[in-house]
Amino acid sequence: METFIKVTLQLAGGFGTTLALFFLTLLFAIPLALLFAVFAGSSIKPLKYLMRAFIYIIRGTPLLLQLMIVVYLPGIAFNAPLTKWQIFGGNVATSYFCGALFAFVVNYACYFAEIFRGGIENIPKGQYEACAVLGMTRSQTFFRVILLQVIRNILAPMSNEVVTLVKDTALARTVSVVEIFFAASELLRVQFIIWPLFYTGVFYLGFSALVTLLFNMAEKKLSKYWK
Amino acid sequence: MKKRFIAALAASMLTLSALAGCAGGTETASDSDYEYIKNNGKMVIGITEYQPMNYYDENGTLTGFDTEFAQAVCEKLGIQAEFQIIDWDTKETELKSSNIDCIWNGLTVTEERRGNMDFTTPYLANKQCVVINSADADKYTDIASLSSALMSAESGSAGETAIQSATELASVSYTASASQADALLALNAGNYDAIVIDYTMAKASCGQGDYSNLMIVENIPMASELYAIGFRTGSDMTGHVNEVIKEMVADGSLKAIADKYELTELYEEALNQ
């Protein structure tokens with residue numbers, strides 16, 4: 001029982017890092033994705049194609065590779081090791097966490113951007129025409145009429161991505177971010193206890209359940225206004 | 001509907017915690033591990049690719065000190081040696097679940113590990129050493145010069161213990177790496193100033209390929225440990241393999257393999273301990 005509590009506390013500490021990575025990724029990726037979506041649907045051709053090419057590259061390569069690029073490439077190719085950047089104050093753990101966060105934000109922003117773009121393009125043209133007839137400005141049209149419908153449209157695919165993000169955070173362990181999985185494998189390597197590795201599943205499941213419940217609630221709330 | 005969902009959720013959580021609980025229980029080896037392996041006709045040996053112990057040569061054949069050593073031992077026992085690449089993090093699980101029969105891959109003997117496996121007679125010394133970028137050769141000459149360096153080692157490894165137990169290194173900024181290979185990669189990228197890894201691995205990698213700019217700082221002594229083969233707790237294979245090792249030490253065949261991989265020094269150090 002004593003070990004169980006000790007292990008739980010140690011894993012909870014790691015899970016704190018997992019959650020920090022999760023929430024900060026969402027916080028930065030969602031606005032960035034909105035920007036990406038606008039660029040990808042832009043009428044300025046070069047911007048549109050550049051954005052789509054970037055999204056293609058990010059979506060076409062593994063997040064694991066992107067993590068390695070962020071953490072190792074600055075030092076190898078540009079002689080500017082990530083851990084020695086002034087903004088991180090020479091703190092290795094902080095630099096790795098920020099590096100991983102950057103990779104997660106860019107990666108998820110690209111996936112979110114495609115969902116947002118789909119959500120916006122799915123709104124029938126008639127809605128814009130109706131707004132124009134009523135004399136609404138472009139920003140009034142977007143914020144008062146279109147946006148809520150977009151949110152409803154993208155809720156289901158977004159919940160999919162967000163639940164995936166919960167589990168993808170485990171990849172950060174490959175670049176020395178001590179999240180829950182790293183904490184569990186450390187217990188295994190140092191104290192040779194195996195079960196914490198499986199026990200991490202309880203944390204992920206619990207948190208995914210919470211995320212799923214929140215999305216279901218949001219969906220129910222929004223569906224009140226239609227049908 | 002909502003209630004049912006919550007009930008299902010609770011049930012799945014319970015199952016999972018039960019599973020986790022089971023995995024925590026201790027397993028006992030079957031009556032005779034030796035008979036079990038003999039009947040299979042082969043011994044499944046858990047390895048990771050790691051020069052100079054187990055690695056693929058330019059023809060794609062698995063070779064290395066541990067590879068040749070294991071093949072020689074298995075031949076004497078009249079069984080086949082089958083090498084299985086494993087994830088080093090889960091080697092204890094692989095061994096307990098009988099996916100593999102032993103871990104034979106530069107495995108360091110530690111007191112903590114004794115709770116999870118039985119060790120054979122040690123056959124090589126596992127010296128730890130400090131590796132740096134050659135550009136810093138004038139900066140890091142002895143252990144005192146490392147006192148404010150950014151350092152790393154594999155989490156849970158002998159190198160980590162060496163850093164944490166050295167009083168001169170009490171104020172270094174230490175970060176654990178997921179593996180020795182990761183530590184080398186990060187050192188090469190300049191993310192660390194120095195790392196502590198196994199001497200065998202350092203010797204095989206420094207100056208090779210993209211690591212041509214890495215070097216061992218020879219005059220920094222680090223704690224030395226021993227390599228042995230790990231079998232399941234209570235396995236009678238340990239005794240049988242120990243017999244063969246004794247023979248191979250006596251007839252010089254083990255030394256011949258050590259010579260071939262330039263490990264003579266570490267082999268003799270292990271014999272003397």
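Computed over protein heavy atoms with a 1.4 Å probe, the accessible surface of the range B:126-224 works out to 36 Å² per residue. One quarter of the surface of the convex hull around the alpha-carbon atoms of chain A equals 16.4 nm², the direction-averaged projected area.
Taken over the protein assembly as shown, the convex hull of the Cα atoms encloses 195 Å³ per residue.
Within the straight-line cut-off of under 18 Å between alpha carbons, the aspartates and glutamates reachable from B:LYS246 are B:ASP66, B:GLU68, B:GLU75, B:ASP118, B:ASP236, B:ASP259, B:GLU268, B:GLU269, sequence neighbours fewer than 8 places apart in one chain being disregarded. Here is the link list: A:LYS125/A:LYS220; B:LYS127/B:LYS203; A:LYS45/A:LYS125. Which ones come out longer than 18 Å on Cα distance? Beyond 18 Å: A:LYS125/A:LYS220; A:LYS45/A:LYS125.
The interface between chain A and chain B buries about 3000 Å² of solvent-accessible area in total (1.4 Å probe, ligands and nucleic acids excluded).
Counting Cα-Cα pairs of chain B in 5 Å increments starting at 0 gives whole-percent bin shares of 1, 5, 11, 15, 16, 14, 12, 9, 7, 5, 3, 2, 1, 0, 0.
Hey, got a sec? Which chymotrypsin sites (Phe, Trp or Tyr not before Pro) in the range A:1-78 land in a DSSP loop and have at most 11 other Cβ atoms within 10 Å? When the chymotrypsin sites (Phe, Trp or Tyr not before Pro) of the range A:1-78 are filtered for loop state and at most 11 Cβ neighbours within 10 Å, nothing remains. Excluding same-chain neighbours fewer than eight residues apart, the lysines reachable from A:LYS221 by a Cα-Cα span under 22 Å are B:LYS2, B:LYS3. With 5 Å bins beginning at zero, the pair-distance distribution over Cα atoms of the range B:43-100 amounts to 4, 19, 26, 24, 19, 6, 1 %.
The dipole here belongs to the range B:189-273: it is taken about the Cα centre, uses +1 on the Cβ of Lys and Arg and -1 on the Cβ of Asp and Glu, and is about 160 debye. Find the Rg to Rh ratio for the range B:126-224, where Rh is the Kirkwood radius over alpha-carbon pairs and Rg uses the same atoms. Across the range B:126-224, the Cα-based Rg/Rh ratio is 0.91. By the compact-protein rule of thumb, 2.2 N^0.38 Å, the alpha-carbon radius of gyration of the range B:135-189 corresponds to a ratio of 1.10. If both residues of a DSSP beta bridge must be in the protein assembly as shown, then about 60% of such bridges are antiparallel. The local environment of A:PHE36, defined by Cβ-Cβ distances under 13 Å, has a net charge of +3 under the rule Lys, Arg +1 and Asp, Glu -1.
The longest part of chain B holding none of the exposed loop GluC sites (Glu not before Pro), meaning those outside H, G, I, E and B in DSSP with at most 10 other Cβ atoms within 10 Å, is B:112-217. Per the Debye formula on identical point scatterers at the alpha carbon atoms of the range B:171-255, with no solvent, log10 I(q)/I(0) at q = 0.12, 0.21, 0.24 Å⁻¹ is -0.58, -1.01, -1.18.
The values are calculated or read from the model by the stated rules, or taken from the named source; none is laboratory data. Only a predicted model underlies this, so the values are computations on that prediction, with no experimental measurement involved. We place every Cβ from the backbone using ideal geometry, glycine too, and count neighbours over all the protein chains shown. Protein only, heavy atoms only, side chains kept; ligands, DNA and RNA dropped before computing areas. Shrake-Rupley method; radii C 1.70, N 1.55, O 1.52, S 1.80 Å.
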